[in-house]
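Peer 1: This is the structure I have questions about; it appears just below.
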Amino acid sequence: MNIIKRTFYGIYNLLKGMKITIKYFFKPAITLQYPKERWTMPERSRGMVGLLSDPETGKLNCTACLICMRNCPVRAIQITQTKDEAGKRVPDEFVIEAGLCIYCGICEESCPFSAIKMIPKYEFSTFDKKKLTHKKERLAEIGKGSKYNKWS
Amino acid sequence: MNEQISEIYTEEFFVNMGPQHPSTHGVLRLLLKMDGEVVLDMVPHVGYLHRSMEKIAENRTYYQYIPYTDRIDYVSSMFCNQVFCMAVEKLANVPVPERAEYIRIIMVELNRIASHLIWLGTFSLDLGAITPFLYCFREREKILDLFEMVCGQRMTFNYMRVGGVSRDITPEFVPMAKEFVNYFLPRVDEYEDILTNNPIFLSRTKGVGLLDQKIAIDYGVTGPSLRGTGLKWDLRKEEPYSIYDRFKFEIPTGENSDVWDRYIVRIKEMRESAKIALQALERIPEGPIKTKTPAVFKPPAGEVYLRIEAPRGEMGFYIVSDGSPKPYRVKIRTGSFSNLTVLPIISRGWKIADLVAIFGSLDVVLPEVDR
Amino acid sequence: MLELGQLLENIYLWGESLFTQWGIPLFWLELLGMLIVAVIILAFISLSVLFMVWWERKVSGHMQSRFGPMRTGWHGWLQTIIDAIKLILKEDTTPESADKSGFLIAPIIVFVSAFMAYICIPFGKGLIVKDLNIGILYILAITTFTVIGLLTAGWCSNNKFSVLGGFRSAAQIISYEVPLTLSILGVVILSQTLSMQSIVNSQKHIWEWYIFRQPVGFLIYIVAAIAEINRVPFDIPEAEQELVAGFNIEYSGMKFAMFFFAEFANLFLVSAIATTLFLGGWNGPLLPSWIWFFIKSFFLVFVIMWFKWTFPRLRVDQLMGFAWKFLLPLAFANLILTGLLA
């Protein structure tokens, strides 16, 4: 008798498992068809690094204080300083190796001038490794139109 | 009959379950000595994922090292962040505001659920039931969406800081998290429907891979594997750290210390974590989220060891500081490393198919082993 | 309406009259007929395998809350064709120390044994290639040839893991043959005939279907049949999460495609036999008989796929224990009870 009870109990549990799979068979699928449909990234999402500019003048906010370069854990930022026409210190070269960057956001958090931000853009794959070295103009283009939010 | 069988010429042979294998959750090489189907002995070779985390720490400041701690165990990043920040706070006597403590608890318990979901998915995938893997990842997506809303990343969060957390939670976070917890609790029942009493699953896991309690304690096994042997040992109750003493939760244990018990312990832990998160979400106070620390942070010279209950066992950080902005020595004690040492002992005498189930139930993640 | 059986009969009679008009011996007509029928069956198997591979991927996708293939054609219906093209274009390697003739013949044996069993499947009223009066016995005998193919594949690959996989697979198939045959014997006792069309003809009304008179036999048949075709929960020989991938490790390209093809052909064959024996074959109101046959067969194919995506797999000694210690006594008990009550 014990084996008959165990058999029926076993079959009942197998059917319980099957009920779950057939339930999800009839529910709609939850995946996105990627190239045609894209997910809207949350605004705090840490994507590629971008340089912010002043909306009126179009000049970069960065004053080449080198704090982000010192704080970057993997040394992905290289900056050289120069002076512009008005005598203020501005970056001459601002290079970020996107292949080295670990997207930690420490540069954004430590900048005192609201000049660098992680923009929620993520489609930067390329076949040529040299394109992964982002220079100042590319970084300004990535950061165009974004506003800085101070980390509270 | 036994004499006749022993007269047949058999040979033991060595099989290499190599670094690339679908079942060894990462790059682990197992050298097996087998007699037919039965495993006689085993030697694990580790080190394929060694990234010298401890040496790197000597050249980074405490603030710069936090993204590295994420990557010690990228499946449960919040725990690694938390233990490092708590160790440095203990070393430098930095207080943590109330709101930050509550936020840390919520994040950490949600991460425990996410980590156990990965374990459940890969465990059932190893045993042949492919569908729960997809269901677990579907639930995990919701948790990762919550995390991304707050700190910006889905996997390596870099969220906690010495003295609190880095960003405040958004107003949408609390209702969304509550909705998630209420959505999640019936899902655990569904996973149990598919697996727990399934006769095929029972015959694969009941009575397999018995871990004696004394051997577990001798080898330093911690976490759900130790609780599966019947010992009620959880650091959240034994040495309450952070504000765990304000929440009501149970510690599930197993009875027979086989694979099925370890599975049940983790399933119950998922429910308990959801309960803790719900309790914390109800009572978050207002306030600051981080105490101010100096820009060049120099803890006093000394040493500290601090341990927490991570999903895979006990994770501990031993930090020696000499008063400079960079630590002098960091030693990381991870649960998976000690749990892996007991694998050769409990898999002797079992077949290869059982080895896969036993290894899955120990929940070893290779980045933790190799650091 | 669209009774294909009558249509084929008419074509044959027209051909016969044509041949006798031209004075060619009827032997050539028979030969031509056999060739055409073989090509039709092969085309049918190919089309149904194509459909079933796509159907399996869609079913598994929707059971897992995702879409299946979506990009190749509307909802991915071209996916199987493109996979087949990819497999043909792959390099067909043969290991250097393998036994070349055995290595080549093994997939052919496996496929041919599945193909030959289609001779006795009643697709509809009058739509059977040859209604042998030992129909079901012939099918059981022919499908056993698969074991020879698997053993050859395992041994001739000259790889200790594929030998292990081949032996395990052969042991599994041979063990599950016994409950399979015993469950079919129950139906044979009730219907008093071995011929497939006669079995279908004895189930004209829905209350006469043998599933109601032999429920235990039906369950034993389904379980043993899934074990015969190496699907979850009995797919140890081809599981990737176990140590190795079983007997078809060394196979790539078209030979691998042959094994794959044979597995799905076997899947449809097993569902077709279950439909014929237990679910009333092509009987049904209103629609033409061959449409009923396909509906019932594909429903059983869906149920077998449902099993695959829900259950974990059994360990190899548990598998054998299940066959010999549980299914076999149950099948015997079923047979004795049927014999006593019929």
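Read the figures in this text as sums done on the coordinates, not as results from a lab. Here the structure is a predicted model, which means the values were calculated and not measured. Methodologically, a virtual Cβ is constructed for each residue, glycine included, from the backbone with ideal geometry; neighbour enumeration extends over all protein chains shown.
Peer 1: Between 0 and 90 degrees, rounded to the nearest ten: what's the tilt of helix A:2-25 against the longest Cα principal axis of chain A?
Peer 2: On a 0 to 90 degree scale, this one is about 40.
Peer 1: Still on this structure, I have one more. Return the long-range amide H neighbours of C:Arg313 (sequence gap of 5 or more, or a different chain), with a cut-off of under 5 Å between placed amide H atoms.
Peer 2: B:Gly128, B:Ala129
Peer 1: Sorted by packing (mean other beta-carbon atoms within 10 Å per residue), highest first, where do B:98-104, C:290-296 land? Numbers along the way, then the final one.
Peer 2: On the way: B:98-104: 21.1, C:290-296: 19.0.
Top of the packing list down: B:98-104, C:290-296.
Peer 1: Given the options B:Tyr48, B:Tyr183, B:Tyr305, which has the most mean-square fluctuation in a GNM of chain B, springs set between C-alpha atoms less than 10 angstrom apart?
Peer 2: Judging by the Gaussian network model, the answer is B:Tyr183.
Peer 1: Turning to a different aspect of this structure: Residue-wise, which Karplus ³J(HN,Hα) couplings in Hz belong to the range B:26-33, taking 6.51 cos²θ - 1.76 cosθ + 1.60, θ = phi - 60°, and x for glycine or proline?
Peer 2: Ordered by residue, 3J(HN,Hα) equals x, 9, 10, 10, 10, 9, 10, 9 Hz.
Peer 1: For the range A:59-76, what does the Karplus curve 6.51 cos²θ - 1.76 cosθ + 1.60, with θ = phi - 60°, yield as ³J(HN,Hα) per residue in whole Hz, taken in order and with x for Gly and Pro?
Peer 2: Karplus values, whole Hz, x for Gly and Pro: 8, 6, 6, 5, 10, 6, 7, 6, 5, 5, 5, 6, 8, 5, x, 10, 6, 8.
Peer 1: Here is a further query. Please compute the average number of Cβ atoms from other chains found within 10 Å of each residue's Cβ in peptide B:135-146. Can you show the working numbers first?
Peer 2: Details: counts 6, 0, 3, 6, 0, 0, 2, 0, 0, 0, 2, 1.
Shielding by partners across B:135-146 averages 2.
Peer 1: Apply the membrane-span-like helix rule to chain B: whole DSSP H runs, Cα extent along the own long axis of at least 20 Å, mean Kyte-Doolittle hydropathy at least -1.0. List the helices found. If you can, show how the numbers build up before the last one.
Peer 2: Values: long enough: B:77-92 (23 Å, 0.94); B:98-127 (44 Å, 0.50); B:131-151 (30 Å, 0.23); B:173-195 (32 Å, 0.07); B:259-282 (35 Å, -0.21).
Counting only whole DSSP H runs, the qualifying helices are B:77-92, B:98-127, B:131-151, B:173-195, B:259-282.
Peer 1: Only helical DSSP H runs with n ≥ 4 go in: add -39500 (n - 2.57) per run for the protein assembly as shown, normalise by residue count and round the 222 nm mean residue ellipticity to 500 deg cm²/dmol. Provide the component values of the computation, followed by the final result.
Peer 2: Working: 34 runs with 451 residues, N = 865.
-16500 deg cm²/dmol, from helical runs alone.
Peer 1: If a helix is a whole DSSP H run, which ones in chain C reach 30 Å or further along their own axis (Cα) and hold a mean Kyte-Doolittle hydropathy of at least -1.0?
Peer 2: Details: long enough: C:26-63 (54 Å, 1.65); C:160-191 (47 Å, 1.21); C:253-278 (38 Å, 1.50).
TM-like helix candidates: C:26-63, C:160-191, C:253-278.
Peer 1: By the scheme Lys and Arg +1, Asp and Glu -1, what is the net charge of all other residues having a beta-carbon under 13 Å from that of C:Tyr138?
Peer 2: Details: positive: C:Lys130; negative: C:Asp131.
Computed value for this residue: 0.
Peer 1: Something else now. Where Lys and Arg each count +1 and Asp and Glu each count -1, what net charge lies around C:Ser46 among other residues with Cβ under 15 Å from its Cβ? Present the calculation step by step, with values, prior to reporting the outcome.
Peer 2: Numbers: positive: none; negative: C:Asp83, C:Glu263.
With Lys, Arg at +1 and Asp, Glu at -1, the neighbours total -2.
Peer 1: Give me the inter-chain shielding for A:101-114: mean count of other chain Cβ atoms within 10 Å, whole number please. Intermediate values should be presented prior to the final figure.
Peer 2: Values: counts 0, 6, 5, 10, 9, 6, 0, 1, 5, 2, 0, 0, 0, 0.
That average works out to 3.
Peer 1: If we count every other residue with Cβ under 9 angstrom of A:Lys136's Cβ, Lys/Arg +1 and Asp/Glu -1, where does the sum land? If you can, show how the numbers build up before the last one.
Peer 2: Details: positive: A:Lys135, A:Arg138; negative: A:Asp92, A:Glu93, A:Glu137.
Result for the neighbourhood of A:Lys136: -1.
Peer 1: Let me ask something else. Please give the average number of partner chain Cβ atoms lying within 10 Å of the Cβ of each residue in B:356-368, rounded to a whole number.
Peer 2: Details: counts 5, 2, 0, 0, 1, 0, 0, 0, 0, 0, 0, 0, 0.
Across the residues of B:356-368, the mean count of other-chain Cβ atoms within 10 Å is 1.
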